[in-house]
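Worksheet: the structure to be examined is printed underneath.
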Amino acid sequence: MGAIVHKLPLSIGNGRIYLSSPHMSDEGYEAEYIREAFETNWIAPLGKNVNEFEKELATRVNTKAAAALSSGTAAIHLALKAVGVGEGDHDIVFCPTLTFAASANPIIYQNAIPVFIDSDEETWNMSPVALEKAFQKYEGRVKAVIIVHLYGLSADIDRIKVICDRYNVPLIEDAAESLGTLYKGRYTGTFGKYGIYSFNGNKIITTSGGGMLVANEESNAKERIEKVKFWATQSRDPARWYQHSEIGYNYRMSNIVAGIGRGQLKVLNKRIAKKRKIFEYYLRELGELEGVKMMPVNEWNAPNHWLSCITLNGYIRPFDVIEALEAENIESRPVWKPMHMQPFFDMYDYFGDGVAEKLFENGVCLPSDTKMTEEDLARVVGIIKGLWR
């Protein structure tokens, strides 16, 4: 049988331009892997696609071992469990405040206490200065540090890792938004003891839902990942009957979903190239507008540019842009609202100087869909520029 080729419309549905929507390969790679799963009747949360997707992803980012899971959130949860969070009373986990709730929720799942760390302006990610202050207060109680590579921008990993190593606290990288991003030539997600990736529908490659946990550093990475897989399959002991000596979770990825992931991984380079082109277009066309500043790109950072974001510090405000685009059927969004400002998390400690709050107040995530045409980009830019006239 020949390859099934899916040609999606350039902007899905009535000319709408999306922030970041699923983009299947023109070559039909995903359909080939899915068809194989159907032909072998292997429609289950395990199988060849799962095994191969783990190997292919681990090879791509040059890490030791990987576990394909139901979501990036599940991956963070099991990473926290794997480093011992929840085994002590009142365990503390440091987490960036400028992130999506999925970075912080698993801390609560493990009955631990989140402490939120501000961003710095140079990276938009966790501030090493604020992190050091937090360690000075909570030294001896911190079980893990989670960093997030926000919007595909790498955190200042070297400085953060030095601090974590000094206090002998494991680092977990939430690279959900940064698959393919390089920090000093090495992929984000591979510096901490564990790294996580997400394949949610809006990510740079998608499986509709799903995530991956990778283990780095030590020689026993494969053994540690096998333990994660054990937990993720309900912690079923190797017995003839169903026996469980530990609490388990239903977190394994399905063979169908993994097939989509294998196909998507083949076009990751294309997606990164298109995301970069979108960013460069916005930089060229919007960078000179009064009060507009593009998200920072440092010399040591080669981002995947998952989303292109700007800050506005003049008389044009973020919701002016968002509402003008919305009126023309174009999706954009504010920058993440910091966790320490969220109703559920506002009781927890926070270290910083308000950088994350300023980014939230002034930031806009612009349409960054890889199916956008030059005409789509010109349409977006024209609407935005019109606000300054």
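The values are calculated or read from the model by the stated rules, or taken from the named source; none is laboratory data. Note that the structure is predicted; figures quoted are calculated from it, not measured. In this analysis, Cβ positions are derived from the backbone assuming ideal geometry, glycine residues included, and neighbour counts consider all displayed protein chains.
Close contacts from segment 196-215, counting a first residue that is touching a residue at least 24 places away in the same chain (Cβ under 8 Å) and a second that is of a type in the set (Phe, Trp, Tyr) and not in a strand (DSSP E or B), with Cβ to Cβ under 6 Å and a gap of 6+ residues or different chains, come to 204/306; 206/199; 207/199; 210/199. Taking the listed residues 260, 272, the one that is in contact with a Gly (Cβ under 7 Å, 6 or more places away or on another chain) and either at pLDDT below 95 or buried (at least 21 other Cβ atoms within 10 Å of the Cβ) (or both) is 272, with no other qualifying. Is segment 134-144 home to any residue that is buried (at least 22 other Cβ atoms within 10 Å of the Cβ) and either under 22 Å from residue 178 (Cβ atoms) or free of Cβ contacts under 8 Å to residues at least 24 places away in the same chain (or both)? Within segment 134-144 (the criterion being buried (at least 22 other Cβ atoms within 10 Å of the Cβ) and either under 22 Å from residue 178 (Cβ atoms) or free of Cβ contacts under 8 Å to residues at least 24 places away in the same chain (or both)), the answer is yes, since at least one residue qualifies. When each of 277, 337 is tested for being without any contact (Cβ under 8 Å) to a residue 12 or more places away in the chain, within 22 Å of the chain's Cα centre (by Cα) and closer than 29 Å to residue 120 by Cβ, the lone residue that passes is 277. Is it true that residue 130 is modelled with pLDDT of 95 or more, touching a Phe, Trp or Tyr at 6+ places or on another chain (Cβ under 9 Å), part of a helix (DSSP H, G or I) and among the hydrophobic types (A, V, I, L, M, F, W, C)? Yes; evaluated as a whole, the condition is true for this residue. Looking at segment 285-295, can you tell me whether even one residue there is touching a residue at least 24 places away in the same chain (Cβ under 8 Å), at positive phi and in a loop (DSSP other than H, G, I, E, B)? Among the residues of segment 285-295, at least one is touching a residue at least 24 places away in the same chain (Cβ under 8 Å), at positive phi and in a loop (DSSP other than H, G, I, E, B), which makes the answer yes. Among the residues of segment 13-27, those that are out of contact with any Ser or Thr (no Cβ under 6 Å at 6 or more places or on another chain) and in contact (Cβ under 8 Å) with a residue 40 or more places away in the chain comprise 14, 15, 16, 18, 19, 21, 24, 25, 27.
Among the residues that make up segment 46-69, is at least one of them of a type in the set (D, E, K, R), in contact (Cβ under 8 Å) with a residue 24 or more places away in the chain, farther than 20 Å from residue 252 by Cα and in the same structural domain as residue 193 (by TED's automatic domain parsing)? Yes, segment 46-69 contains a residue that is of a type in the set (D, E, K, R), in contact (Cβ under 8 Å) with a residue 24 or more places away in the chain, farther than 20 Å from residue 252 by Cα and in the same structural domain as residue 193 (by TED's automatic domain parsing).
Each row is one residue, and each column tells you yes or no for (1) part of a loop (DSSP other than H, G, I, E, B); (2) small (Gly, Ala, Ser).
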residue: 273; (1), (2): no, yes
residue: 324; (1), (2): no, yes
residue: 357; (1), (2): no, no
residue: 361; (1), (2): no, no
residue: 370; (1), (2): yes, no
residue: 379; (1), (2): no, no
residue: 384; (1), (2): no, no
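Restricting attention to segment 156-177, the residues being over 21 Å from residue 82 (Cβ atoms) and part of a loop (DSSP other than H, G, I, E, B) number 2. Determine if segment 285-296 includes at least one residue that is more than 25 Å from the chain's Cα centre (by Cα), within 21 Å of residue 75 (Cβ to Cβ) and surrounded by fewer than 22 Cβ atoms within 10 Å (Cβ to Cβ). There is no residue in segment 285-296 that is more than 25 Å from the chain's Cα centre (by Cα), within 21 Å of residue 75 (Cβ to Cβ) and surrounded by fewer than 22 Cβ atoms within 10 Å (Cβ to Cβ). One residue stands out among those in segment 71-106 that are touching a Ser or Thr at 6+ places or on another chain (Cβ under 8 Å) and surrounded by fewer than 22 Cβ atoms within 10 Å (Cβ to Cβ): the one that is farthest from residue 133 (Cα to Cα), which is 71.
If you go through segment 224-247 and pick out every residue that is assigned to a helix (DSSP H, G or I) and either basic (Lys, Arg) or farther than 21 Å from residue 110 by Cβ (or both), you end up with 3. Would you check if there is a residue in segment 303-320 being touching a Lys or Arg at 6+ places or on another chain (Cβ under 6 Å) and β-branched (Val, Ile, Thr)? Scanning segment 303-320, I find at least one residue that is touching a Lys or Arg at 6+ places or on another chain (Cβ under 6 Å) and β-branched (Val, Ile, Thr), so the answer is yes.
Sort through 235, 254, 208 and tell me the only one that's small (Gly, Ala, Ser) and surrounded by fewer than 15 Cβ atoms within 10 Å (Cβ to Cβ).
Details: 235 fails: surrounded by fewer than 15 Cβ atoms within 10 Å (Cβ to Cβ); 254 fails: surrounded by fewer than 15 Cβ atoms within 10 Å (Cβ to Cβ).
Selected residue: 208, the only one of 235, 254, 208 that is small (Gly, Ala, Ser) and surrounded by fewer than 15 Cβ atoms within 10 Å (Cβ to Cβ).
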